[in-house]
Amino acid sequence: MSAIRQSQFVNKHEALWKHFDEWLDYQELSRWKKRSKKNPIKAPDDLDLPHAYRQICHHFALANSRLYNPILVERLNKLVIRGHQKLYSTRTHFWRDILQFFAGGFPALVRQEWKVVSIAAFLFYAPFIAILVAIQFYPDLIYSVMDGSQVRDLESMYDPELHDKLGRERESDSDVYMFGFYIKHNIGIDFQLFAGGMLFGIGSLFFLLFNGIFLGAAFGHMTYIGYYDTFWGFVVGHGSFELQAAFLSGAAGLKLAQALIMPGRKSRGRALVDNGKIAVKIMYGVIVMSVIAAFIEAFWSSSVMPVMIKYVVGACLWALVAAYFVFVGRKAT
Amino acid sequence: MALDTLYHVNTPEGISLRLSPAGPVPRMLAWMIDILIRLAINAVMFSVLAFMGNTGMGIGLIITFLLEWFYPVYFELYKNGQTPGKKAFNLYVTMENASPITPAASVIRNLLRFVDFLPLFYGFGFVSMMISNRFQRLGDLVASTVVLHKALDHNVLDEIKAEPITPPVSLKLNEQQALIRFYQRRPYLTDERADELANFTGPLLDKNEPAPASRLMGISSWIMGNR
């Protein structure tokens, strides 16, 4: 057995392994800890990472082929994994990437994925508009979507006679509360629309149709009972971002579903990984859009203001969102 | 077919890394620690923010939202793939090829936690872990990530001594190697486990051997050249 040769091998390289281990320990400390005086680990000497890593890879291969002690092999395996993690970590320009993404990448991506995007938009807006119109002729339809108490809550929220001024009045400190509420609630729904794609698209399909019908019914009912200015004045501003974000997250979900249902010439696993990368980028955009929508909804939509201004600003926001997705990022592609 | 759950990744340096994916039980325990930590943070935060009225509640809601979806993302990206719960169980998240997890992968696997959780308490996630050969839940499959065991520190011990015993039958090379491995791992096994493993060796042991592990150690010592 190679017990003697093994101990020679260990003696010869022990110093390098130890140094490598300590160097990695030190590198893993946060910047703040490196500076603090209580830091238990002193800075080891500099190390040529790629060179040292290759040497240790070599030792690992030797130890394996010479059938050295499995515990020694295990230790080298651990060192090699740590080195591999360090050497092949990627340094990204986080903020620059984000800026570039929103300055062009995102709308270009949405146009590139126009198929799933338009399917999702149709699944969301078709029932929305259909039920909005239908309620004008068959007003009782609202009760097949919501129950009586929900309808009453909705009515009292936007009743013009309860509010002498237009808009939904609140104490100003509750604006922040509503901001928090909209973020948690609305983005939570967006994430469900996305994740539902993993159920062969059924989840996304359900949530798109459900939200389309539910919102459409609310819009239709408010229009039917004549709360035009309180209701439309309130929703027109943030709706520009919120509704688009909703169906875009559905589109991201459908992208996952596409990989499961028609993976093409890839395996399903491979297709999922590839489509997941696209879908998550759409979700980055959705998150930002939803935060903007929540901000507008909490701080602008609720403010008291002549209703004409609200309509004008609302129209501008809709035009802005449309222009963003149609025109921005054309040069890069 | 491999009996254990290890898998290998070939690196550009021409070696193959040996990785061991973590199964559902340690992952569930780690998840429970994380849930408790999050609940504790929420409880403390809301009782402090309660003094700030509605504004405080609003901030609280935003923070719960961030904790709910991005708590694991933060730790996976900035703490070497280990949430506090995973750290407690020596687990870490990494890409399938053992390189560090990317931001996109981390976001995907944590947003898809929602489907893994369905229909009840990680039902789909569990089924997916059982079907995939690296214990991956659906989020892991899409992000191509995997949760691994971090190897513990073991030191090589050379000073084990055992009285050499001549093996009763002649042994093939791979059998000899298995015995030597057993010899080297012995200090890291409990006595009961060592005896249990030793009992699989059949003809090497006498009938009703009182201490199978130490007899096997003797045979291994003989194979390694001690007389």
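The values are calculated or read from the model by the stated rules, or taken from the named source; none is laboratory data. None of the values given here were measured: they were computed from a predicted structure. Cβ: placed from backbone, ideal geometry, glycine included. Neighbour counts: every protein chain shown.
Kindly indicate whether any position in the stretch B:111-128 is touching a strand residue (DSSP E or B) at 6+ places or on another chain (Cβ under 9 Å) and surrounded by 18 or more Cβ atoms within 10 Å (Cβ to Cβ). Among the residues of the stretch B:111-128, not one is touching a strand residue (DSSP E or B) at 6+ places or on another chain (Cβ under 9 Å) and surrounded by 18 or more Cβ atoms within 10 Å (Cβ to Cβ), which makes the answer no.
What do you reckon, is A:Gln136 within 37 Å of the chain's Cα centre (by Cα), assigned to a helix (DSSP H, G or I) and within 9 Å of chain B (Cβ to nearest Cβ)? Explain how you work it out, then say what you get.
Details: within 37 Å of the chain's Cα centre (by Cα): yes; assigned to a helix (DSSP H, G or I): yes; within 9 Å of chain B (Cβ to nearest Cβ): no.
Criteria not met by A:Gln136.
Taken together, the criteria place B:Leu67 among residues that are in a helix (DSSP H, G or I), surrounded by fewer than 19 Cβ atoms within 10 Å (Cβ to Cβ) and either in contact (Cβ under 8 Å) with a residue 24 or more places away in the chain or not assigned by TED's automatic domain parsing to the domain that holds B:Pro26 (or both).
Candidates B:Ser221, B:Ser170: the one that is more than 10 Å from every other protein chain (Cβ to nearest Cβ), buried (at least 17 other Cβ atoms within 10 Å of the Cβ) and modelled with pLDDT under 85 is B:Ser221.
Answer yes or no as to whether A:Gly250 is of a type outside the set (S, T, N, Q) and at pLDDT 90 or above. Yes; evaluated as a whole, the condition is true for this residue. Looking across the stretch A:287-333, the residues that are within 25 Å of the chain's Cα centre (by Cα) and either hydroxyl-bearing (Ser, Thr, Tyr) or assigned to a loop (DSSP other than H, G, I, E, B) (or both) come down to A:Ser290, A:Trp300, A:Ser301, A:Tyr324, A:Val328, A:Gly329, A:Arg330, A:Ala332, A:Thr333.
Residue count for the stretch A:224-245 satisfying the condition of being in contact with a Pro (Cβ under 9 Å, 6 or more places away or on another chain) and either touching a residue at least 40 places away in the same chain (Cβ under 8 Å) or buried (at least 19 other Cβ atoms within 10 Å of the Cβ) (or both): 5. Across the stretch B:98-126, the qualifying residues are those that are free of Cβ contacts under 8 Å to residues at least 24 places away in the same chain and in a loop (DSSP other than H, G, I, E, B), and the one among them that is farthest from the other protein chains (Cβ to nearest Cβ) is B:Phe121.
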